[in-house]
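Student: Encoded as structure tokens, here's the structure I'll be asking about.
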There are 8 protein chains.
Amino acid sequence: MVGIIMGSKSDLPVMAEAAKALKELGVAFEMTVVSAHRTPHRLMEYAEKARERGIKVVVAGAGGAAHLPGMVASITTLPVIGVPIKSSNSIDGWDSILSILQMPAGVPVATVALNGARNAGILAAQIIGTHDEQIANKLEAFKADLRDKVLTTLEEVENFKLS
Amino acid sequence: MVGIIMGSKSDLPVMAEAAKALKELGVAFEMTVVSAHRTPHRLMEYAEKARERGIKVVVAGAGGAAHLPGMVASITTLPVIGVPIKSSNSIDGWDSILSILQMPAGVPVATVALNGARNAGILAAQIIGTHDEQIANKLEAFKADLRDKVLTTLEEVENFKLS
Amino acid sequence: MVGIIMGSKSDLPVMAEAAKALKELGVAFEMTVVSAHRTPHRLMEYAEKARERGIKVVVAGAGGAAHLPGMVASITTLPVIGVPIKSSNSIDGWDSILSILQMPAGVPVATVALNGARNAGILAAQIIGTHDEQIANKLEAFKADLRDKVLTTLEEVENFKLS
Amino acid sequence: MVGIIMGSKSDLPVMAEAAKALKELGVAFEMTVVSAHRTPHRLMEYAEKARERGIKVVVAGAGGAAHLPGMVASITTLPVIGVPIKSSNSIDGWDSILSILQMPAGVPVATVALNGARNAGILAAQIIGTHDEQIANKLEAFKADLRDKVLTTLEEVENFKLS
Amino acid sequence: MVGIIMGSKSDLPVMAEAAKALKELGVAFEMTVVSAHRTPHRLMEYAEKARERGIKVVVAGAGGAAHLPGMVASITTLPVIGVPIKSSNSIDGWDSILSILQMPAGVPVATVALNGARNAGILAAQIIGTHDEQIANKLEAFKADLRDKVLTTLEEVENFKLS
Amino acid sequence: MVGIIMGSKSDLPVMAEAAKALKELGVAFEMTVVSAHRTPHRLMEYAEKARERGIKVVVAGAGGAAHLPGMVASITTLPVIGVPIKSSNSIDGWDSILSILQMPAGVPVATVALNGARNAGILAAQIIGTHDEQIANKLEAFKADLRDKVLTTLEEVENFKLS
Amino acid sequence: MVGIIMGSKSDLPVMAEAAKALKELGVAFEMTVVSAHRTPHRLMEYAEKARERGIKVVVAGAGGAAHLPGMVASITTLPVIGVPIKSSNSIDGWDSILSILQMPAGVPVATVALNGARNAGILAAQIIGTHDEQIANKLEAFKADLRDKVLTTLEEVENFKLS
Amino acid sequence: MVGIIMGSKSDLPVMAEAAKALKELGVAFEMTVVSAHRTPHRLMEYAEKARERGIKVVVAGAGGAAHLPGMVASITTLPVIGVPIKSSNSIDGWDSILSILQMPAGVPVATVALNGARNAGILAAQIIGTHDEQIANKLEAFKADLRDKVLTTLEEVENFKLS
């Protein structure tokens, strides 16, 4: 199971994309709010119990001085995927990106693009897929589908009439 | 008493400047290492007990994805002063600055300049000085001394011979 | 008492958040306009008299080349909290942040996040709370409230139906 | 097995840290050079055959306009960890970071810190450890060791004599 | 003939400007979608056959971690003009610019301004014009027209009435 | 006369270039230290008396949160030229540049390049030269000399032997 | 007389502010379009004849890769004030600022804030005012007016009712 | 023939790489100094006569506020390749890059990486190669050589012994 957490309910529109990707790929997940700065003890407890509760990968999204992914990674040895969120308080997203990406040696966070929650979901599925052939096969089909969708757009672009 | 903490022993050359400033200003302090990412439980315990142990202000320095000041501030209601450190892994210090500065509403960190540990010490003394007249007086003398030191340099600059 | 100042009346929508936070926490404050660039003598007088007028902490907000917090700090030995404001002329707020944060050794400004006036108010209360138990207790209740508000959002996120 | 690749032999001093971390954690790996821009067909072949050759995770490091991790991820459905390298031609590393991090929806790359190859190795082990209890246990021991090393530095910092 | 390619149909509003410029200048072109990350084999095939199909210059536009121009340039020896696109996922365009511009020695991409597809079209015509006098003459007329259009605006500005 | 001021004696190596340029161009100047943050009253007095003392242009250099040029401009109506200095505490000079450049409407500072004190001196001479024909003539000769120095380097570059 | 020039008619809404400021201060001016990239010969002619035509100061505004101010300054010895404009093609204004500010030694441009045309007008008046007492007096009155306008806003802010 | 120009003799160590690449590829070139800011009339003349003198492509390198490539492109209709140079006065190269890259619609400059003069030379050869089969063939061999050089490094990396 993949555990999706976010620093605030306001992050839900972005983070729901991780859940949608996992649903498409047939990977079980749960989703909740864990705030590093407003519920630090809840963060500790979540991270300490994640592995024993059957979570394989944590997807954590946060904005601004985004400490949630890194603090979860400080406690669990599960892979933690960080999603920098361009929140209303963010400086064009640079604060979220750097707060999540630049972790010190010993404590990695797998960072995806700004607001890249969909990719966080796919990456979580890829991690599950390293040992689950069914998920791996779904990922192959998913990738073929990405390609096929591009191919359906060729005609429109190739025949575009310049105004 | 002021509690000075840093994420790693390698931050000591920078953070010792906070201690020196406090010593000059006659403010008691203690100094130790608390790593948000390598000793998260120690961080929790430090922050939870700081007020009852008699600490009035926490000065916390960290580099890169610098979560130490913000996580201490998530637990204690003491003022927390954050010192962004330009560590060897830092991207010109931008990561440290933004990770410390851009805290969400509700959980402030008083951020000083990059590597500005001396100012963190002075700011801690100013906080103590809001209710301690002796420290306030020392701060006035300290400020006068800053001014006087500038005045001693006038002659050299005013009489500088262009090569 | 906390003195809240801002460089222009146009900063009021941001800076009023500092006042609101102080009101919630039961800390007395006053609020006025002091422009470093348009009323420099007023700035000098404000800063020189702040302590004797009973002000314990100054909260100063400004945008662009934001000199107000630093210039107040050059005169008073009270703690000065700087609020970088993303004004219409600002370059995404970088100018305000760097103009306030990067003070030279000897003259600290406690900088909060871009537009982070609410945190400036809370930080001012924390400074008062270092020596005022009643305020300290209110800060503890305030922090518990922050946590409790997060907990009320769990159900909605945990039961979110993917569209 | 983890496949470590890099865009150039000159990246070896950085990327060898990924190999060292994997060796410490008892995870098998291989290491070679694959250049996106100079050996594009080799890149295609590497990525196409990686899963069938038994590779579980790819760790790919590159500098400047760093296309290697993203292009491998465009072909394989294995998790790809990207290491931005601050090469001599890089603009303070920003080019490497953004070229690796900002992948479009559908094709994730798990990005670590600038020059963060050690963390890439640990993250790869964490991915293996989601289904390999022995590796998971080693990761727990590794994390405990990180903590213990911090604790050995306390005394020196706490007793530091100000000069 | 100039080959115009883009990473996604959503780039068409920007990239059509390259086509319009080429049409104005009487240079033949074709336009299609080639996604580096979603259709990597199509990219390889496109680049490998471009020269033999009679293409003289490739204009490639992409946003975010923009690998399309650089990967085409890794395969063909034709000149490749890269257009950084400020897509919805982009960080103010910096990611697109740096991903396209900072190519390693040996594999150039001729980068134009952010969203500068019109200039990419003109540059492609200039390249054709190095050996085609008719196109060179059209470029001279085009440049004279640029100048003349400025001159028609002088009167309005010179006689502008201040409100 | 041109008044050259700087925030610290440590800025002298940079700021002396302004003096040298003025000397070359035959413009009288004086040079001293005025620190916005350490000697704010001296700053006020300097700016208030500059015009009556016969100063025509102020050249002010400072680093980090550089408030000196803007604060002088807040008091005097003389033209103030600001020189951003890349001091040891500066973040690659961005802080100095933005603190000096981004002045609010009503209070201009004429900003030159980072460490561009030589240009500040020349600009001050150009200002004097708007009403002093002798200086204007010297500036013409100076400009011709710039050109001639370039021309002396042509041969070496044109005949450069590739190694 | 002050010569106001801009790279394109589309810069007029910004650049008209320079004209308005000069009109308020009683300084004569003319305004026209000179494009460095579309009318380079016009630029040369404008700059070569500016002084003999009686122009004392040039105010030049441009966006993007803004070469107009610097190229005028390469020809004339008059003071040139550069106004970086945040045009639609600009990257948050950084391109305009750096293209104007970072002039090489020998050829200064007096740069004002992004879109700071009003300050460019005031600065031009200050330059005229170094030798024209009437303009100097108007600048003093203008500065007093800036201050007085701030003072009229005090009451509203001081009596602001928190909602 | 390719015309290589640079703003200053000090750019020669960087720009000679363009010449070396052209020599390797058998493309004729000439090299000289043309300074936009110190020799503007020389720039005009160079650009006006380039085509008639038989130049097919201009390679122009400059640092700081780099106006040379764009100003040449404002006059000639030949393709102009711009090389941003990280000169001693540059702000990490950002000024050079943005001054060259962000040209307005109508006047393209083909920008290469920071200090990427070697790629500028190769790009110039690619442009010649669009109509010169011999050069095109040399470029194919050059590309094969790039690949082969990578392949010679595989063994060393694959057999690297971790210390």
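Student: Need the failing condition index for D:Ser88 against (1) of a type in the set (Ser, Thr, Tyr); (2) in contact with a strand residue (DSSP E or B) (Cβ under 9 Å, 6 or more places away or on another chain); (3) in a helix (DSSP H, G or I), just the number.
Tutor: (3)
Student: Given the structure, is G:Thr111 in contact (Cβ under 8 Å) with a residue 24 or more places away in the chain, facing another protein chain (nearest Cβ under 7 Å) and either in contact with a Phe, Trp or Tyr (Cβ under 9 Å, 6 or more places away or on another chain) or not acidic (Asp, Glu) (or both)?
Tutor: When the stated conditions are applied, G:Thr111 passes them.
Student: Can you spot a residue in region D:92-108 that is of a type in the set (A, V, I, L, M, F, W, C), under 28 Å from B:His41 (Cβ atoms) and buried (at least 18 other Cβ atoms within 10 Å of the Cβ)?
Tutor: Taking every residue of region D:92-108 in turn, none turns out to be of a type in the set (A, V, I, L, M, F, W, C), under 28 Å from B:His41 (Cβ atoms) and buried (at least 18 other Cβ atoms within 10 Å of the Cβ).
Student: Can you confirm whether F:Ala60 is outside any loop (DSSP other than H, G, I, E, B), more than 9 Å from chain G (Cβ to nearest Cβ) and open to solvent by 10 Å² or more (accessible area, probe 1.4 Å)?
Tutor: Judged against the criteria, F:Ala60 is not a match.
Student: Please verify whether region B:63-73 includes one or more residues that are open to solvent by 10 Å² or more (accessible area, probe 1.4 Å) and either aliphatic (A, V, I, L, M) or part of a loop (DSSP other than H, G, I, E, B) (or both).
Tutor: No: region B:63-73 contains no residue that is open to solvent by 10 Å² or more (accessible area, probe 1.4 Å) and either aliphatic (A, V, I, L, M) or part of a loop (DSSP other than H, G, I, E, B) (or both).
Student: Please work out if A:Gln126 is under 22 Å from D:Arg53 (Cα atoms) and buried (at least 21 other Cβ atoms within 10 Å of the Cβ).
Tutor: Considered against the rule, which asks whether it is under 22 Å from D:Arg53 (Cα atoms) and buried (at least 21 other Cβ atoms within 10 Å of the Cβ), A:Gln126 comes out as yes.
Student: Next up: Go through the residues of region F:83-95 one by one and say whether even a single one is without any contact (Cβ under 8 Å) to a residue 24 or more places away in the chain, away from chain G (no Cβ under 14 Å) and aliphatic (A, V, I, L, M).
Tutor: Within region F:83-95, one or more residues are without any contact (Cβ under 8 Å) to a residue 24 or more places away in the chain, away from chain G (no Cβ under 14 Å) and aliphatic (A, V, I, L, M).
Student: Which number in (1) out of contact with any Ser or Thr (no Cβ under 9 Å at 6 or more places or on another chain); (2) open to solvent by less than 30 Å² (accessible area, probe 1.4 Å) marks the one condition that A:Ile5 misses?
Tutor: All conditions pass for A:Ile5, except number (1).
Student: If the requirement is being closer than 26 Å to F:Met71 by Cα and either in contact with a helix residue (DSSP H, G or I) (Cβ under 8 Å, 6 or more places away or on another chain) or open to solvent by 10 Å² or more (accessible area, probe 1.4 Å) (or both), which of these qualifies: F:Ala120, F:Ala136, F:Ala141?
Tutor: From the options F:Ala120, F:Ala136, F:Ala141, the qualifying one is F:Ala120.
Student: Run down D:Glu52, D:Glu17, D:Glu24 and say which single residue is within 27 Å of D:Ala105 (Cβ to Cβ) and either of a type outside the set (S, T, N, Q) or under 14 Å from the mean Cα position of the chain (by Cα) (or both).
Tutor: Result of the check over D:Glu52, D:Glu17, D:Glu24: D:Glu52.
Student: Failed condition for H:Ile100, given (1) of a type in the set (Val, Ile, Thr); (2) more than 7 Å from chain E (Cβ to nearest Cβ); (3) in contact with an Asp or Glu (Cβ under 6 Å, 6 or more places away or on another chain), with all others met?
Tutor: (3)
Student: Within region G:29-39, how many residues are more than 17 Å from the chain's Cα centre (by Cα) and not basic (Lys, Arg)?
Tutor: 2
Student: In addition: Can you go through A:Leu12, A:Leu22 and tell me which one is farther than 26 Å from B:Val80 by Cβ and surrounded by fewer than 24 Cβ atoms within 10 Å (Cβ to Cβ)?
Tutor: Selected residue: A:Leu12, the only one of A:Leu12, A:Leu22 that is farther than 26 Å from B:Val80 by Cβ and surrounded by fewer than 24 Cβ atoms within 10 Å (Cβ to Cβ).
Student: Right, here's the next one. For region C:130-148, does any single residue satisfy the condition of being touching a strand residue (DSSP E or B) at 6+ places or on another chain (Cβ under 9 Å) and either of a type outside the set (Lys, Arg) or modelled with pLDDT of 95 or more (or both)?
Tutor: Checked against the condition, which is being touching a strand residue (DSSP E or B) at 6+ places or on another chain (Cβ under 9 Å) and either of a type outside the set (Lys, Arg) or modelled with pLDDT of 95 or more (or both), region C:130-148 yields at least one hit.
Student: So H:Arg42 clears everything in (1) within 17 Å of the chain's Cα centre (by Cα); (2) under 24 Å from F:Val150 (Cα atoms); (3) of a type in the set (Lys, Arg) except one condition, right? Which one?
Tutor: All conditions are met except number (1).
Student: If you don't mind, another one. When the residues of region H:79-89 are narrowed to those that are surrounded by 23 or more Cβ atoms within 10 Å (Cβ to Cβ) and of a type outside the set (Val, Ile, Thr), which ends up farthest from the chain's Cα centre (by Cα)?
Tutor: Within region H:79-89, the match that is farthest from the chain's Cα centre (by Cα) is H:Pro79.
Student: Have a look at E:Arg42, E:Arg51, E:Arg38 and point out the one that is open to solvent by 10 Å² or more (accessible area, probe 1.4 Å), part of a loop (DSSP other than H, G, I, E, B), more than 8 Å from chain H (Cβ to nearest Cβ) and among the basic types (Lys, Arg).
Tutor: E:Arg38
Student: Same structure, new question: Just one of E:Ala28, E:Ala19 is over 20 Å from A:Ala144 (Cα atoms), modelled with pLDDT of 95 or more and more than 9 Å from chain A (Cβ to nearest Cβ); which is it?
Tutor: Being over 20 Å from A:Ala144 (Cα atoms), modelled with pLDDT of 95 or more and more than 9 Å from chain A (Cβ to nearest Cβ) holds for just one of E:Ala28, E:Ala19, which is E:Ala28.
Student: While we're here: Could you list, in sequence order, all residues of region E:121-151 that are more than 7 Å from chain H (Cβ to nearest Cβ), part of a helix (DSSP H, G or I) and more than 24 Å from G:Arg42 (Cα to Cα)?
Tutor: Those that are more than 7 Å from chain H (Cβ to nearest Cβ), part of a helix (DSSP H, G or I) and more than 24 Å from G:Arg42 (Cα to Cα): E:Gly121, E:Ala124, E:Ala125, E:Ile128, E:Glu133, E:Gln134, E:Ile135.
The values are calculated or read from the model by the stated rules, or taken from the named source; none is laboratory data. Note that the coordinates shown come from a computational prediction; the quantities given were computed from them, not determined experimentally. Neighbour counts are summed over all protein chains in view; Cβ atoms, including those assigned to glycine, are modelled from backbone coordinates with ideal geometry. Surface areas here come from the heavy atoms of the whole protein model, side chains and all, with no ligands, DNA or RNA. Shrake-Rupley method; radii C 1.70, N 1.55, O 1.52, S 1.80 Å.
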